[in-house]
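Bear in mind that the values in this text are calculations on the coordinates, not laboratory data. Remember, it's a predicted structure, so these values are computed and weren't measured experimentally. When we count neighbours, we look across all protein chains shown, and the Cβ atoms used for this are built from the backbone with ideal geometry, even at glycine.
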Amino acid sequence: MCGRYTLHAHPDVVALLFGLSEVPAYQPRFNIAPASQVLIVRRDQERNVAAQVRWGLVPRWAKDPSIGARMNNARAETVAQKPSFREAYRKRRCLIPASGFYEWKAEGGRRQPYYVYPAGAELFAFAGLWERWQGPHLSLETCAIITTEANAKMAPVHERMPVIVSPADYPAWLTGGEVPLKPCADEAIGIRRVSRAVNNARVDHAGLVEPEAG
DNA sequence: CCAGACGTTGTT
DNA sequence: GTCTGG
DNA sequence: CCAGACGTTGTT
DNA sequence: GTCTGG
């Protein structure tokens with residue numbers, strides 16, 4: 001799955017790679033957790049546009065937006081059918097820029113975090129969905145990250161991983177085209193063991209992505 | 001018909 | 001909103 | 001994803 | 001055990 005990630009590229013780099021005329025100012029982040037505001041790229045009137053939305057998709061029909069806490073990920077295998085995601089899958093897709101992501105592996109009773117980063121690229125673009133929810137007193141924009149089976153390189157650490165869209169597929173994904181939601185190539189990622197300090201979602205500093213022995 | 005769910009992951 | 005279960 | 005809470009009453 | 005908050 002994908003329950004924590006990082007984004008520490010300069011906003012100008014994000015603008016260049018995603019064809020954006022503006023990107024909201026943001027601080028580098030090394031421990032982005034569900035329920036926080038995250039940067040997404042979506043299609044708006046034939047242009048790519050960045051926005052900050054809450055991670056945890058709240059379906060349009062939800063009576064209580066706290067349901068979003070359980071909608072951080074959507075399975076690629078079923079995203080087109082599930083009531084919570086299918087409308088967004090057809091009409092409200094997004095790309096989610098990331099410098100890397102964390103996955104935990106059970107190691108002798110403990111859960112050990114690993115950091116996965118792009119090999120030969122500056123950023124990942126996760127396949128995502130977004131939604132707009134309107135309550136009586138509150139309106140919310142939210143998103144979810146689509147996951148798929150792990151590729152061979154990830155598999156020893158974790159059996160799922162986020163869908164990573166290649167730059168050639170950005171336009172098709174954002175405009176509702178057919179893009180296979182498959183794991184990326186083994187060569188596209190690097191993996192390293194990192195400190196368990198990342199477990200605490202309130203901790204956020206560059207040291208979290210540094211390699212740890214073991 | 002109405003009531004109730006609508007999700008993923010990891011662990012057992 | 002829409003589908004499944006009762 | 002992990003960490004941390006999980007409750008009510010009455011008073012300030 | 002399960003839910004909420006970060």
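For n ≥ 4 DSSP H runs only, could you compute -39500 (n - 2.57) per run for chain A, divide by its residues and tell me the 222 nm figure to the nearest 500?
Counting only the DSSP helices, I get -2000 deg cm²/dmol.
Could you state the number of Å between the C-alpha centres of the range A:152-214 and the range A:1-40?
The range A:1-40 and the range A:152-214 have Cα centres separated by 14 Å.
In whole Hz, with x marking every Gly and Pro, tabulate ³J(HN,Hα) for the range A:200-209 from phi via Karplus 6.51 cos²θ - 1.76 cosθ + 1.60, θ = phi - 60°.
Each residue of the range A:200-209 in turn: 7, 5, 8, 8, 8, 8, 4, x, 4, 9 Hz.
So for chain A, considering every pair of alpha-carbon atoms, how many percent are separated by more than 24 Å?
In whole percent, the long-distance tail amounts to 39.
Under the Karplus relation 6.51 cos²θ - 1.76 cosθ + 1.60, θ = phi - 60°, what is the ordered set of whole-Hz ³J(HN,Hα) values for the range A:23-33, x standing for Gly and Pro?
Residue by residue, the range A:23-33 yields 10, x, 4, 8, 8, x, 10, 10, 7, 7, 10 Hz.
Taking all pairs of distinct Cα atoms, average 1/r, flip it, and tell me the Kirkwood hydrodynamic radius of the range A:47-151 in Å to one decimal place.
Kirkwood radius, the range A:47-151: 15.2 Å.
To the nearest µm²/s, what D does Stokes-Einstein give for the range A:118-214 at 4 °C and 1.567 mPa s, using the Kirkwood radius over alpha carbon pairs as Rh?
81 µm²/s
What nm value, rounded to one decimal, do you get for the distance between A:Arg132 and A:Glu22 when each label is placed 7 Å out toward the C-beta?
Spacing of the two 7 Å Cα→Cβ label points: 1.7 nm.
So what J values fall out for the range A:84-96 if you push phi through Karplus, 6.51 cos²θ - 1.76 cosθ + 1.60 with θ = phi - 60°, rounded to Hz, Gly and Pro as x?
6, 10, 5, 5, 5, 4, 7, 10, 9, 8, 8, 10, 10
Please arrange A:Asp64, A:Asp44, A:Asp169 by how many other C-beta atoms lie within 10 Å of their C-beta, fewest to most.
With the sparsest Cβ surroundings first, the list reads A:Asp64, A:Asp44, A:Asp169.
Taking neighbour Cβ counts within 10 Å as the exposure measure, how do A:Val194, A:Val41 sort from fewest upward?
Going from sparsest to densest Cβ surroundings: A:Val194, A:Val41.
List the aspartates and glutamates whose Cα lies under 19 Å from the Cα of A:Lys63, skipping any in the same chain that are fewer than 8 positions away.
A:Lys63 reaches A:Glu87, A:Glu131, A:Glu141.
Do any GluC sites (Glu not before Pro) in the range A:59-129 lie in a DSSP loop with no more than 13 other beta carbon atoms within 10 Å, and if so, which?
A:Glu77, A:Glu122
Picking from A:Arg42, A:Arg196, A:Arg54, which is most flexible by a Gaussian network model of chain A using Cα springs under 10 Å?
Fluctuation is largest for A:Arg196.
Testing the spin-label approximation: label points 7 Å from Cα along Cα→Cβ at A:Gln81 and A:Val203. State their distance in nm.
Taking the simple label geometry, A:Gln81 and A:Val203 are separated by 4.1 nm.
For the range A:92-176, what relative contact order do you get, as a whole percent, if you take Cα pairs closer than 8 Å and at least 6 residues apart?
Relative contact order, the range A:92-176: 30 percent.
Eigenvalues of the Cα gyration tensor times 5, then square-rooted: what semi-axes does that give for the range A:1-60, in whole angstrom, largest first?
Value: 20, 17, 9 Å, ordered largest first.
With Kirkwood's inverse mean 1/r over C-alpha pairs for Rh, give me the Rg to Rh ratio of the range A:36-95, two decimals please.
With Rg and the Kirkwood Rh in hand, the quotient comes to 0.96.
Lysines near A:Lys105 by alpha-carbon distance under 22 Å, same-chain residues fewer than 8 away left out - which ones?
Within reach: A:Lys153, A:Lys182.
Roughly what % of DSSP beta bridges within the range A:37-164 run antiparallel, to the nearest 5?
DSSP beta bridges in the range A:37-164 are roughly 85 percent antiparallel.
How high is the relative contact order of the range A:1-114, given as a whole-number percent (alpha carbon pairs under 8 Å, six or more residues apart)?
Averaging sequence separation for qualifying contacts and normalising by length gives 29 percent for the range A:1-114.
Got a sec? How would A:Cys143, A:Cys2, A:Cys94 order by Cβ neighbour count within 10 Å, fewest to most?
Fewest to most other Cβ atoms nearby, the residues stand as A:Cys2, A:Cys94, A:Cys143.
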